[in-house]
Amino acid sequence: MTLRYALMGGVLLLSAVLPLSGAEPDAKRLKSVISWLDLERPGLEAVKAAKTPAEQSAALLKYFRERPVDETRLKQKPDKRDMEYSDAALEHRFVGQRAYGLVARGTPIDWDDPYTKDKEWIWQFHRFYWWPSLGVRYRVTRDERYAQEWADELNAWFDHMFSEKNFLRHPGWRALEVGLRMQCWARNFDYFAKSPALDEKTLVNFLYSLHQHGELVDGKIAEDSKKKIHNWAVMIQEALLNSFLWFPEFRKSAQWQQNGLERLKEYQKMVVLPDGVICELVPSYHTIYPRTFFELRENSKKNGLKADFGEEYDRLIQNGITAITIWTHPDGNVPLFGDAFEGQKSRSYVGRFCKAYPEHKDWLWFSSSGKKGEPPRELLSVLPYAGYYTMRTDWSVKPETFIVMKNSYDTHGWGHSHPDNMTFELSFNGERVMVDSGSFIYGSLPKLRAFFTASRHHQVVTLDGKNNSRRGKCLFQKMFGKELMVTALENTPAKGLTHQRIFFLVAEKYVVVLDLLSGKAAGELRCHYQFTEGKHTFLPKQETAFNGKIVLAGAPSNGTMEEEEGWISRHYSKKVPRPAFAYVQKKNPGKPVEFLTLITPAGKPDFQPSIRFEGGMIHSPKGSFLMEPAKGEKYRITYDLKEQQVSCKKTL
């Protein structure tokens, strides 16, 4: 359940942040702003000495025009997106949720129309994603159209959103938008500080708005965040700290800086698990945290803030960065588990930290794609608190096989995590061939989202198509020589049902999945698998499906094999069909059921890989199976899960 800050009617008794009523003159806003400033601060002497509102506003404008500019937060040159966004802004075409592109909002700007049923658009529209583009474009060209557009938008938004009708009632006042907008306004102000477009009215409106945002974030929003800490709370308090580091002129700036700092330090303990992974268990969201907490410490030192950062704080940062190197595919993409989307640049992200942590030669190797540093040694990895497990071939040798599995113990039901315990993603020859479904869209359109979050559309076993619970644990993870790696997991997907799933990586290029389901529960069991997009062949009688990359083959005892509806969403609001299958068996009360599945790289078209239990169905954690994954290659795998012993023998 995500944190929201929206008031539907009623009156919020927040005297510190109530707007002035009606179409108030600038002089009244100016009076409020002057009362909020620290007039003892060096540089503000002329503002303090001013006797009339006109003198005050003139002195204030002179101060903010001439104060030193922090160049580190200003972009030097516009890129292609900046060119597009800045020119579109002049035509009042703006971006909200980026997946929907640029949207015309008319003149005067329509701040209210949601444009689409997906509320993410209107929420994100009020974050002003295009202001950095206006800023850098003005910086380079000195074309006053860009600065004037910024000022006009600021004043128009201020008049509309601080009106009695809209203040704290409009979707744009949702908590996350308050924090991100505050930081956006503060970060980009200095682009325009010396432009004629920054007149006294615009400056007063800017300072008034910035202070009110600070009051909200430090007050009601911070209090509400205590109910459940997750990525919203972290981003909002980071915005509070940064915004008032950049604008230290308010009397409350120092306290807000310190409050943001202390909250973020406390939040780290609450949102980061001991293995460094975020509590929401989503790889793409995870990247918020190592960066945020690293920069928090560095900015605190740079700005002389009082803070005590201990070894554990630093350990969690390092663990979080290492986690990225563990779960990233050979092609550099992170798993699409939970609400993850493609586009996360894992290698460059890790590379940002190599200078600060030179002892991590494995990070340098990872970020440079093996050109520098030293490859990690571990071929089996586990992030035990998050429930992420990986098996891979030698990092420095190609072609690469990689499998990442998820089996968490998550009782919180975090909004961005899915009921996907036991799911996995697979790379053969360094290329992803089985990936998760993604999430398509967020909670404002629950029916469209439901397909992608449902357990049955992940690579798991479901009972009667219902969502699985998340009570995962690891039984063991071991290497039995170069030819065999094993990860054995367990979950309780439903009442009266225990699921043990054992992954075997055989001969560095073949994957076997053994599912053992037991308990009193009864119903239809479906063992789901999905390919990536593209053409495929389905042979139900042979219990086999394949495409140009992989072959999926089930044991004869797997029951029937059926084709299912399959979709994948690699990017927000975008989806494409993909092949999906399920092995189907009926489970009777108290009777165990097993599935045995072989996944191999695509080979010669005239050969069909096969797998079967030796001696038929075993119904036991102790047994053996025979597999022929490629022509001329046969293996016997013998396992005793209780004793955690597995062996692999190549046969004739």
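Just so it is clear, none of the values below were taken in a lab; they were calculated from the coordinates. Every value quoted in this text rests on a predicted model; they were computed, and no experiment measured them. Note that we place each Cβ from the backbone using ideal geometry, even for glycine, and neighbour counts take in every protein chain shown.
Here the stretch 26-271 is assigned +1 on the Cβ of each Lys and Arg and -1 on the Cβ of each Asp and Glu. Its dipole about the Cα centre then comes out at about 520 debye.
Do you know the relative contact order of the chain, to the nearest whole percent, from alpha carbon pairs under 8 angstrom that are 6+ apart? If you can, show how the numbers build up before the last one.
Working: 1298 pairs, mean separation 51.9, N = 652.
In percent, rounded to a whole number, it is 8.
For L475, the residues whose amide H sits under 5 Å from its own are A488, L489, E490, ignoring neighbours fewer than 5 places away on the same chain, with H placed 1.01 Å from N. Note on E311 and K226: the extension gain reaches 28.1 nm, defined as 0.36 nm multiplied by sequence separation minus the Cα-Cα distance. Here the 3J(HN,Hα) profile of the stretch 188-205, calculated from phi with Karplus coefficients 6.51, -1.76 and 1.60 at θ = phi - 60°, is 9, 4, 5, 4, 10, 4, 9, 7, x, 5, 7, 9, 5, 5, 4, 5, 4, 4 Hz, Gly and Pro shown as x.
Which FRET efficiency value, to the nearest 0.05, is calculated for T638 and E378 with the Förster distance at 22 angstrom and r the Cβ-Cβ distance? Intermediate results must be reported in sequence, preceding the final value.
On the way: r = 26 Å, r/R0 = 1.16.
Calculated transfer efficiency: 0.30.
Relative to the dominant Cα principal axis of the chain, helix 53-66 is inclined by about 50°. Rounded to the nearest 0.05, the FRET efficiency derived from the C-beta distance between L448 and K541 at R0 = 56 Å is 0.95. Spatially, the stretch 630-652 and the stretch 514-549 are offset by 22 Å when compared through their Cα centroids. Judged by the mean number of other Cβ atoms found within 10 Å, the most tightly packed of the peptides 239-250, 299-310, 163-174 leads the ranking 239-250, 163-174, 299-310.
Between S368 and K478, with labels modelled 7 Å along Cα→Cβ, what's the label distance in nm to one decimal, could you check? Label at S368, label at K478, 3.8 nm between them.
Peptides 467-475, 375-383 ranked from most to least packed give 467-475, 375-383, packing being the mean of other C-beta atoms within 10 angstrom over each peptide's residues. Given R0 = 30 Å, the distance between the Cβ atoms of E45 and Q258 translates into a calculated FRET efficiency of 0.70. Restricting the trypsin sites (Lys or Arg not before Pro) of the stretch 127-158 to loop positions (DSSP other than H, G, I, E, B) with no more than 11 neighbouring Cβ atoms within 10 Å leaves R142. Remark: the stretch 376-607 projects, on average over all directions, an area of 12.8 nm² (convex hull of Cα atoms). With the simple model of a label 7 Å out from the Cα in the direction of the Cβ, T107 to N155 spans 1.5 nm.
Excluding residues on the same chain fewer than 8 positions from K631, give the lysines whose Cα lies under 19 Å from its Cα. K631 reaches K509, K549, K604, K649, K650. Candidates A197, G96, L241 compared by Cα position along the dipole of the stretch 26-271: farthest toward the positive end lies L241, with charges placed on Cβ.
What does the highest-first list of 443-450, 458-465 look like by mean Cβ count within 10 Å? Can you show the working numbers first?
Details: 443-450: 13.9, 458-465: 21.9.
Final packing ranking: 458-465, 443-450.
Rounded to the nearest 20 debye, the dipole size of the stretch 34-125 about its Cα centre is 160 debye, using +1 on the Cβ of Lys and Arg and -1 on the Cβ of Asp and Glu. Per-residue extension of 0.36 nm, minus the Cα-Cα distance of E614 and T651, leaves a gain of 12.0 nm for this segment. For K119, a cut-off of 26 angstrom between C-alpha atoms picks up these lysines, skipping any fewer than 8 places away in its own chain: K165, K220, K226, K227, K228, K447, K574, K575.
Give the relative contact order (percent, whole number) for the stretch 404-476; include only Cα pairs under 8 Å separated by 6+ residues.
Numbers: 108 pairs, mean separation 28.2, N = 73.
Contact order relative to length: 39 percent.
Counting every alpha-carbon pair across the chain, the share separated by more than 31 Å comes to 58%. For the stretch 31-67, list residues with backbone N below 14 Å from a point placed 7 Å from the Cα of R251 toward its Cβ? It comes to 31-41, 48, nothing else. From its DSSP helices (H runs of at least four residues, each -39,500 (n - 2.57)), the chain gives a residue-normalised ellipticity at 222 nm of -9500 deg cm²/dmol.
The angle separating the long axis of helix 131-141 from the principal Cα axis of greatest extent in the chain is about 60 degrees. When the stretch 450-603 is described by a simple charge dipole with +1 on each Lys and Arg Cβ and -1 on each Asp and Glu Cβ, the residue from V512, H571, V461 located farthest towards its positive end is H571.
Working from Cα pairs under 8 Å separated by at least six residues, relative contact order for the stretch 26-271 is 20 percent. Between amide H atoms placed 1.01 Å from N, distances below 5 Å from D436 occur with L336, all of them 5 or more places distant or on a separate chain.
To test your reading of the geometry: what angle, between 0 and 90 degrees and rounded to tens, separates the Cα axis of helix 144-161 from the longest principal axis of the chain? Here the helix axis deviates by roughly 90 degrees.
Students often forget the sequence filter, so: which lysines lie under 23 Å Cα-Cα from K51 once same-chain residues fewer than 8 apart are removed? By straight Cα distance, K51 reaches K28, K31, K62, K201. When the stretch 376-607 is described by a simple charge dipole with +1 on each Lys and Arg Cβ and -1 on each Asp and Glu Cβ, the residue from Y389, F452, N547 located farthest towards its positive end is F452.
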